Amino acid sequence: MSNPLKPNEPLVTHLYTADPSAHVFEGKLYVYPSHDLDHEMVSNDNGDQYDMEDYHILSLNEDLTECEDHGEVLHVRDVPWASKQMWAPDAAYRNGKYYLFFPARDHDGIFRLGVATSDSPAGPFKAEPNYIPGSFSIDPAVLTDDDGKSYVFFGGLWGGQLEKWQTGEFVADAEGPDAAAPALGPRVAELADDMLGFKESPREISIVDENGKPLTAGDEDRRYFEGPWVHKYNGLYYLSYSTGSTHRIVYATSRDPYGPYEYKGTILTPVIGWTTHHSIVQYKDKWYLFYHDSSLSGGADNKRSVKFTELFYEEDGSIRTIDPYPERS
Ligand code: FUB
């Protein structure tokens, strides 16, 4: 199916899509989104309303004016370890194979990260029988660095269960740190050469202010919530993420993929709908932000649509803040 595309408009309207991870594979721009189902759910802080079951892959034509839906490429029924909630995925390429990384609840209701493989960037993907050993929480995002090493960044608060892993074990009733304490950071681990596991125990990333002080858990305008994405620009690592309860996409930079990352500012101001989730990709000589909002569904938190817009760097490497509704200003 294809639609004429305009920036800041849904890529597709025949499905609800969210959490876009955009990559250029084989010269083409692919988008790996979540697939929101068109059903009525009660919204709560546990994220029960995000009851997704499968993934579709989208790709854009050369001048980014048409979008193709490659159909269902993986369903939860074909993932032996998973029970429900196929949340934000990402994709990567290595040694002639494509890898789809995705979170889902296991049969004990605990979020884990899984991986599925394909010979084509458009799928279909076949899931590994077990989740990645040592994995937890949600929102995997993979960066393959210039030296060929691949890292997965992940983690999300509240429904994403990151608070429950502060001791290294799952503690069902654990709560987040006090407001004045350092906020929880996303996790990062180098991936094994076969991309099917971690090469090391995940490490927590520290996000600090301009004085090197860790952002606190009470600093909801800036602290990490979910949806990490790491890209490189002029040799610098840019970690961007959602602030959750304050609904922004913000970013921090570092000279080291493991951090610490220094907070820099806002990339995307709040969109319609509770969640905000994005990716950043270079295609030809331009940079793009892929994001979602709930405008097509009239504001339903669990019925979102993927959109894109151009992203600009200032001369000093900072990212210009994007208003998702420029026509309103
Ligand atoms: O789509 C389900 C969850 O909502 C994602 O995993 C989060 O990043 C948020 O967008």
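The values are calculated or read from the model by the stated rules, or taken from the named source; none is laboratory data. Quick caveat: nothing in here was measured; it's all calculated off a predicted structure. Here the Cβ positions follow ideal geometry from the backbone for every residue, glycine too, while neighbour counts run over all protein chains shown. Accessible surface areas use protein heavy atoms only, side chains included; no ligands, DNA or RNA. Shrake-Rupley method; radii C 1.70, N 1.55, O 1.52, S 1.80 Å.
On the basis of being in contact (Cβ under 8 Å) with a residue 12 or more places away in the chain, within 11 Å of the ligand (Cβ to nearest atom) and not aliphatic (A, V, I, L, M), does Ser21 make the cut?
In short, yes.
Return the residue satisfying two criteria in turn: it lies in segment 93-104 and is surrounded by 17 or more Cβ atoms within 10 Å (Cβ to Cβ) and closer than 14 Å to Pro124 by Cβ, and of such residues it is nearest to the ligand (Cβ to nearest atom).
Among those that are surrounded by 17 or more Cβ atoms within 10 Å (Cβ to Cβ) and closer than 14 Å to Pro124 by Cβ, it is Phe102.
May I ask you to list the residues in segment 301-329 that are touching a Gly at 6+ places or on another chain (Cβ under 8 Å) and open to solvent by 60 Å² or more (accessible area, probe 1.4 Å)?
Thr321
For segment 29-53, enumerate the residues that are within 19 Å of Ala122 (Cβ to Cβ) and open to solvent by 10 Å² or more (accessible area, probe 1.4 Å). Don't jump to the end; show me each part of the working.
Kept after step one, since they are within 19 Å of Ala122 (Cβ to Cβ), are these residues of segment 29-53: 29-35.
The answer is Tyr30, His35.
Which is among the basic types (Lys, Arg), within 16 Å of the ligand (Cβ to nearest atom) and buried (at least 16 other Cβ atoms within 10 Å of the Cβ), of Arg187, Arg222?
From the options Arg187, Arg222, the qualifying one is Arg187.
Consider Gly265 carefully, then state whether it is in contact (Cβ under 8 Å) with a residue 12 or more places away in the chain, more than 16 Å from the ligand (Cβ to nearest atom) and either closer than 27 Å to Asp147 by Cα or of a type in the set (Asp, Glu) (or both).
no
How about segment 104-158: which of its residues are in contact (Cβ under 8 Å) with a residue 12 or more places away in the chain, more than 16 Å from the chain's Cα centre (by Cα) and on the phi > 0 side of the Ramachandran plot?
Gly109, Gly123, Gly134
Give Ser34, Ser59 a once-over and let me know the one that is out of contact with any helix residue (DSSP H, G or I) (no Cβ under 9 Å at 6 or more places or on another chain), of a type in the set (S, T, N, Q) and within 12 Å of the ligand (Cβ to nearest atom).
Residue meeting the stated conditions: Ser34.
Under 6 Å by Cβ, and 6 or more places apart or on different chains, what pairs join a residue from segment 70-92 that is open to solvent by 10 Å² or more (accessible area, probe 1.4 Å) with one that is of a type in the set (Lys, Arg)?
Listed pairs, sorted by first residue: Ser83/Arg105; Lys84/Arg105.
Go through (1) within 16 Å of the ligand (Cβ to nearest atom); (2) buried (at least 22 other Cβ atoms within 10 Å of the Cβ) for Gly109 and report which single condition fails.
It fails just one condition, (2).
Give me the residue from segment 217-276 that is in contact with a Pro (Cβ under 7 Å, 6 or more places away or on another chain) and assigned to a loop (DSSP other than H, G, I, E, B) and, out of that set, farthest from Asp316 (Cα to Cα).
Taking the candidates together, the pick is Ala217.
Among the residues of segment 151-167, are any open to solvent by 20 Å² or more (accessible area, probe 1.4 Å), closer than 20 Å to Leu29 by Cα and more than 16 Å from the ligand (Cβ to nearest atom)?
no
Go through (1) in contact with a Lys or Arg (Cβ under 8 Å, 6 or more places away or on another chain); (2) of a type in the set (Gly, Ala, Ser); (3) surrounded by fewer than 23 Cβ atoms within 10 Å (Cβ to Cβ) for Ala18 and report which single condition fails.
Unmet for Ala18, out of (1) in contact with a Lys or Arg (Cβ under 8 Å, 6 or more places away or on another chain); (2) of a type in the set (Gly, Ala, Ser); (3) surrounded by fewer than 23 Cβ atoms within 10 Å (Cβ to Cβ): (3).
Restricting attention to segment 269-324, which residues are charged (D, E, K, R) and within 16 Å of the ligand (Cβ to nearest atom)?
Applying the first criterion (charged (D, E, K, R)) to segment 269-324 yields 284-286, 293, 301, 303-304, 307, 310, 314-316, 320, 323.
Listed by number, the residues that qualify are Asp293, Asp301, Lys303, Arg304, Lys307.
Could you list, in sequence order, all residues of segment 282-300 that are within 21 Å of Pro140 (Cα to Cα) and open to solvent by 10 Å² or more (accessible area, probe 1.4 Å)?
Within segment 282-300, Gln282, Tyr288 meet the criteria.
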